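Notes for the one structure printed next.
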Amino acid sequence: MATYIMTGGATGIGAEIRKRLVNAGHTLAVIDIKDADYCVDLSDRKATAEAIETIAKQYPHIDGIITCAGVASHFPDKRKLLEINYLGSVDIINGLVGNMSQGGRIITVSSNSAPQCTSPALISALLDNDWQAIDGILDSLSGHDCYSGSKQAIAKWMRRQTPGLARRGININAVAPGYIETPLTQAVAQDERYGEAIKKFVASIPVGRPGLPEDIANAVDFLLSEQSSFISGSVLFIDGGHDAMFRPDHI
Ligand code: NAD
């Protein structure tokens, strides 16, 4: 049996991943703002650092890390959105990867909206950890730019870590969900700014249905398994064909 650390196990996609890992008999530590082994607000750098220190001591050998916690475009505080979605993954992985060894697996949760960010400056600033630059442009950015930017930056950060980690026997990959029915998307669908657009968006999914948390958990199961041992640095779109529909020539 393996030992996994995950963020965002309280609801939605993360709750499905959590259920499967627990049912399979693995040891699992969940970090979340609610209903977790470690109740932490991932926008709080100090609380996150303290949790990492405690977890690192408590779990000297970790087989896998899954960073799933996130908030959506409509989240009222754009800086916190970036901190939860981007730093909430980077800090957890950086802080715990030292407890991983050969055969380890790391999965970050990006999004198929990652390519939609219109601010290369935001992506650069996130990757450079330049929060002064971020604060300078934040007012000019939409919530969607911040959300998609956080998801593009985490995918790029993941790829920058890939070779070094792979040489240590640790594979890191990202899943990029499309529209998945969870509390997060329900909240956006109920937001009057986005509701109508969401309905049309869901109707346009090529496979003809919205995604379910199980669709993402299936991929996570595979990426955690021995069968994925040659997969490293991939961004796996799980979106019913939506990205291919919008960006057919991009690979
Ligand atoms: P969700 O709202 O059900 O789950 C998000 C989880 O993050 C919850 O457990 C929540 O408590 C936790 N969380 C929120 N703020 C936090 C904070 N400040 N500190 C710690 N934990 C916090 O949403 P979901 O749809 O299951 O989303 C899971 C991940 O998948 C997110 O990263 C999201 O961006 C990503 N994603 C979702 C979709 C989708 O369509 N649902 C699409 C693409 C990507």
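The values are calculated or read from the model by the stated rules, or taken from the named source; none is laboratory data. If you're wondering where the values come from, they're calculated on a predicted model, not measured in any experiment. Because the Cβ atoms are built from the backbone with ideal geometry, glycine has one as well, and the counts that use them run over all protein chains shown. Keep in mind that these areas ignore ligands, DNA and RNA; they rest on the heavy atoms of the full protein, side chains included. Shrake-Rupley method; radii C 1.70, N 1.55, O 1.52, S 1.80 Å.
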Quiz item: Does Gly241 satisfy the condition of being at pLDDT 90 or above and in contact with a Ser or Thr (Cβ under 9 Å, 6 or more places away or on another chain)?
Solution: no
Quiz item: Quick check, is Asp130 within 16 Å of the ligand (Cβ to nearest atom) and at negative phi?
Solution: no
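Tell me the helices (runs of 4 or more DSSP H) entirely within the stretch 142-251 that contain at least 1 residues that are in contact (Cβ under 8 Å) with a residue 24 or more places away in the chain and open to solvent by less than 60 Å² (accessible area, probe 1.4 Å).
Per the criteria, 143-167, 183-190, 213-224, 242-246.
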Self-check item: Long-range neighbours under 7 Å by Cβ, at least six apart or interchain, first residue without any contact (Cβ under 8 Å) to a residue 60 or more places away in the chain within the stretch 2-14, second in a helix (DSSP H, G or I) and not aliphatic (A, V, I, L, M)
Solution: Gly9/Arg18
Quiz item: So is Ala49 touching a residue at least 40 places away in the same chain (Cβ under 8 Å) and either part of a loop (DSSP other than H, G, I, E, B) or among the basic types (Lys, Arg) (or both) or not?
Solution: no
Quiz item: Considering the stretch 19-62 alone, what residues qualify as being within 13 Å of the ligand (Cβ to nearest atom), open to solvent by 60 Å² or more (accessible area, probe 1.4 Å) and of a type outside the set (Lys, Arg)?
Solution: Ile33, Asp35, Asp37, Cys39, Asp44
